[in-house]
1. Just how large is the dipole of the protein assembly as shown about the Cα centre, in debye to the nearest 20, putting +1 at every Lys and Arg Cβ and -1 at every Asp and Glu Cβ?
2. Only helical DSSP H runs with n ≥ 4 go in: add -39500 (n - 2.57) per run for chain B, normalise by residue count and round the 222 nm mean residue ellipticity to 500 deg cm²/dmol.
3. Kindly provide the chymotrypsin sites (Phe, Trp or Tyr not before Pro) of region B:194-267 that DSSP labels as loop, not H, G, I, E or B, and whose Cβ sees at most 10 other Cβ atoms within 10 Å.
4. Take A:Q139 and A:R106, extend 7 Å from each Cα along the Cα→Cβ direction, and tell me the distance between the two endpoints in nm.
5. Could you check which residue among B:A70, B:A235, B:A245 shows the biggest mean-square fluctuation in a GNM of chain B with a 10 Å Cα cutoff?
6. Roughly what would the spin-label model give for A:E130 and B:Q82, points 7 Å off Cα along C-beta, in nm?
7. Using the Kyte-Doolittle scale, which helices in chain B average at least 0.5 and also have C-alpha atoms spread 18 Å or more along the helix axis, with helices defined as whole DSSP H runs?
8. What is the calculated FRET efficiency for A:D171 to A:E226, with r their C-beta to C-beta distance and R₀ = 25 Å, to the nearest 0.05?
Amino acid sequence: MATIELRDVHKSFGAQKVLEGLSFSVEQGQSLVLMGPSGSGKSVILKHLIGLLKPDHGEVEVMGKSVPELSGHELSLLRKDMGYLFQHSALLNWMSVFDNVALPLREGRDCAESEIRERVQKVLALVMLEGAELKLPEQLSGGMQKRVGLARALVTEPKVILYDEPEAGLDPEMSASISATIRRLQEELGTTSVTVTHSTSCAKTVGDLLAVFEKGRIIVSGPPAEVLASELPRVREFLGTPID
Amino acid sequence: MNIVERAGARLLAPMLSSAGYAVSIGLAAVARIPHLLRRRRSLFDQMHLSGVKTLHVVLFVNFFIGMILALQLGYELQRFGQQQAIGFAVSVAMVREMAPVMTAVLLAAAVSSAMAAELGTMKVQEEITALEVMSVDVASFLVVPRVFGLMFMAPLLTVLGSIIGILGGGIIATTQLGVDFHGYLLNATEALEDRWVWWLPVPKSLYAALIKSTVFGFTIAVVGCASGLQARHGARGVGDATRSAVRNSIILIIVLNFFLGKLIYTT
Ligand SMILES: Nc1ncnc2c1ncn2[C@@H]1O[C@H](COP(=O)(O)OP(=O)(O)O)[C@@H](O)[C@H]1O
Ligand SMILES: [Mg+2]
């Protein structure tokens, strides 16, 4: 059974139809990249997977649980096995980098302070932020904030991670290194992930599978190299780059 | 639906739903009283923010209120040759009504607004959503320290406000009305010797002040947090949340003041 499975998901906000019969599945340990234009509902998809939004119609299953049907408590348990990197970091501005990253361990998990320290140091090293522990988020650049957000999503060692535009707002070098980090984690920890992005280079590095998404449905999917080489006019238009 | 029903639905439905939400936040805070020990660091931070940082304004305003009361009541009492009773009048008015209400209004303006703006900004920047996703109990993490921090500080500020108001009245009484300061103070403290029931060690007026200000502090903080957590649509939404927090807090203070006063003084 797939770790993540969406079947015929529909979602509208008022008269605006965002998802119109979206289906996809992600196997355990696999990394799916979803690409789509801005405002096409990429964040909306991730919010369905973590139970922040409920579909009007259709099924959303994560790790064998039907997400829309979970009670508050069950959802909270499921979320403890999931990580979510927000598009705009969403760090708490009055807490230091260390406290921000330690938060998911301190709240609702029984973790000794020494273990917390160790795990936080480990993920901060992973995102190359050693030495920034005591800084406040406002003292960091956008790219560094993004990496703190990534560290916070990783610190609980979740089985499923959702990345919302992990490379957005980063310079090309940092963007490449974030993509490489995500890929490495994928291979080392065997996490299952869904990444939404604008960037083809991020898609190539991170994805085992790439799906291009428009008007509430997937228009093409497959291994990244194949999809990026697709001749479909809409895909070419969206990717905006000639085949290289 | 006719036009009246539609207008009613447009105006009342949001009001009722936000009132309902505020009540649920208040209940959630009360249900999490046992978390206070774990939240003591944020609790002390909030007590510092809501109490210590507003202290100078509270003292300043209450000092002037005391002077105003002494001046207006004093001139009237003087006409009947009763200016000796000025201490009594000022202290009863200060302790029972003016200090609790004025302090609460100041806290609504300074603290409820700040809570709504802070939590509102967190809401529209998806920080609250991020907390939910990390399975953090938002009511325990954010609401409990704010609500109980203010609830503990409001009575303290009110008592200090009363004292300084009575002193302010005393200055007017001696300089403008020719009343001896010592006599004023004696008169003012005599006014506070009414016992509610024999086994309570402090005067009834002081109890009134403490009960009112505790309720006000709780209410103001709950309204501030609830408005912030309901914020929507970017910076504009934060502005709306802040405004409605202050407005609703002040309305509730005035209405609760009436009912609490009635409750306390008819028993
Ligand atoms: N909670 C919501 N309420 C109303 N409309 C929403 C909500 N969330 C998203 N939308 C709308 O859905 C569309 C897709 O949004 P989003 O998923 O954020 O796009 P993106 O692909 O850029 O991440 C947008 O037009 C947005 O206005
Ligand atoms: Mg988005």
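Please treat every number below as a calculation from the coordinates, not as lab data. Model, not experiment: these values are computed from the prediction. Here the Cβ positions follow ideal geometry from the backbone for every residue, glycine too, while neighbour counts run over all protein chains shown.
1. Details: 46 positive and 47 negative charges, 267 e Å.
Rounded to the nearest 20 debye, it is 1280 debye.
2. -25500 deg cm²/dmol
3. Values: sites: B:W196, B:W198, B:W199, B:Y207, B:F216, B:F218, B:F258, B:F259, B:Y265; in loops: B:W196, B:W198, B:W199.
Here the sparse-neighbourhood loop sites are B:W198, B:W199.
4. 1.7 nm
5. Largest GNM mean-square fluctuation: B:A235.
6. It works out to 8.0 nm between the two label points.
7. What comes out of the filter, once short or polar helices are dropped, is B:3-31, B:55-79, B:144-176, B:204-229, B:234-265.
8. Here the calculated transfer efficiency is 0.30.
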